[in-house]
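S.K.: First the structure, then my questions, so here it is.
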């Protein structure tokens, strides 16, 4: 039986995705829905989607390095990325392309081996620099226009998981990552 809900990506996108060794992500609008909530005392609150977390763990288990580059400094982001075991967290960085270039230098990947996922203008130079630019339907129109891929679901609603599934499919490891969950006892 064919699953009509499973995303189908064009061969051109799968070809670009097959080369990816680094997935770099923005936070607000990508890993969250982009809304910021503050309590009366000024405490920040964010909602992270659990689907994204498992997808990121699967991608890392498949050998793809994950990095987060965000313009904001947030203890909540630091906590969540630490819980997920994400090795590279760059906070307070509005210069996303410069931060991405620093990662290229430090971990030894080429731009063609990078997927960058962002939603707003500070992300645009990084999306254009990366071999595979990914955005979300709730992203700024110009970012959607310039990205290679726009997920079917908005940021904060499993968009990162969709990007992870794309990378896992392209590198031939999607079915392997599912096997632990889908094999009969």
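The values are calculated or read from the model by the stated rules, or taken from the named source; none is laboratory data. In this text, all values refer to a predicted model and were calculated from it rather than measured experimentally. Ideal geometry is used to build each Cβ from the backbone, glycine not excepted, and the neighbour counts take in all protein chains shown.
S.K.: How about region 82-109: which of its residues are in contact with a helix residue (DSSP H, G or I) (Cβ under 7 Å, 6 or more places away or on another chain) and more than 24 Å from residue 55 (Cβ to Cβ)?
M.R.: If the condition is that a residue be in contact with a helix residue (DSSP H, G or I) (Cβ under 7 Å, 6 or more places away or on another chain) and more than 24 Å from residue 55 (Cβ to Cβ), then 94, 97 are the ones that fit.
S.K.: Looking at the structure I just gave you, is residue 177 under 16 Å from residue 9 (Cβ atoms), in a helix (DSSP H, G or I) and touching a helix residue (DSSP H, G or I) at 6+ places or on another chain (Cβ under 8 Å)?
M.R.: Taking the combined requirement at face value, the residue does not satisfy it.
S.K.: On to the next question. Would you be able to say whether some residue in region 53-69 is over 17 Å from the mean Cα position of the chain (by Cα) and farther than 13 Å from residue 160 by Cβ?
M.R.: Residues of region 53-69 over 17 Å from the mean Cα position of the chain (by Cα): none.
No, there is no match, as no residue in region 53-69 is over 17 Å from the mean Cα position of the chain (by Cα) and farther than 13 Å from residue 160 by Cβ.
S.K.: Given the structure, is residue 50 modelled with pLDDT of 85 or more and over 21 Å from residue 20 (Cα atoms)?
M.R.: On the way: modelled with pLDDT of 85 or more: yes; over 21 Å from residue 20 (Cα atoms): yes.
When the stated conditions are applied, residue 50 passes them.
S.K.: Quick check: is even one residue across region 62-74 loosely packed, with under 13 Cβ neighbours inside 10 Å, in contact (Cβ under 8 Å) with a residue 12 or more places away in the chain and at negative phi?
M.R.: Yes.
S.K.: One residue is enough: does region 121-131 have a residue meeting the conditions closer than 18 Å to residue 8 by Cβ, in contact (Cβ under 8 Å) with a residue 24 or more places away in the chain and in a helix (DSSP H, G or I)? Write out each step before concluding.
M.R.: Start the filter on region 121-131 by keeping residues that are closer than 18 Å to residue 8 by Cβ, which leaves none.
Within region 121-131 (the criterion being closer than 18 Å to residue 8 by Cβ, in contact (Cβ under 8 Å) with a residue 24 or more places away in the chain and in a helix (DSSP H, G or I)), the answer is no, since none of the residues qualifies.
S.K.: When you look at residue 118, is it farther than 15 Å from residue 6 by Cβ, crowded, with 23+ Cβ neighbours inside 10 Å, in contact with a helix residue (DSSP H, G or I) (Cβ under 7 Å, 6 or more places away or on another chain) and free of Cβ contacts under 8 Å to residues at least 40 places away in the same chain, yes or no?
M.R.: Working: farther than 15 Å from residue 6 by Cβ: yes; crowded, with 23+ Cβ neighbours inside 10 Å: yes; in contact with a helix residue (DSSP H, G or I) (Cβ under 7 Å, 6 or more places away or on another chain): yes; free of Cβ contacts under 8 Å to residues at least 40 places away in the same chain: no.
Taking the combined requirement at face value, the residue does not satisfy it.
S.K.: Shifting gears a bit: Could you tell me which residue of region 31-47 is surrounded by the fewest Cβ atoms within 10 Å (Cβ to Cβ), considering only residues that are in contact with a helix residue (DSSP H, G or I) (Cβ under 9 Å, 6 or more places away or on another chain) and without any contact (Cβ under 8 Å) to a residue 60 or more places away in the chain?
M.R.: Here the residue is 45.
Residue by residue, here is whether (1) within 12 Å of the chain's Cα centre (by Cα); (2) under 19 Å from residue 158 (Cβ atoms) holds:
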site	(1), (2)
10	no, no
30	yes, yes
39	no, no
46	no, yes
91	no, no
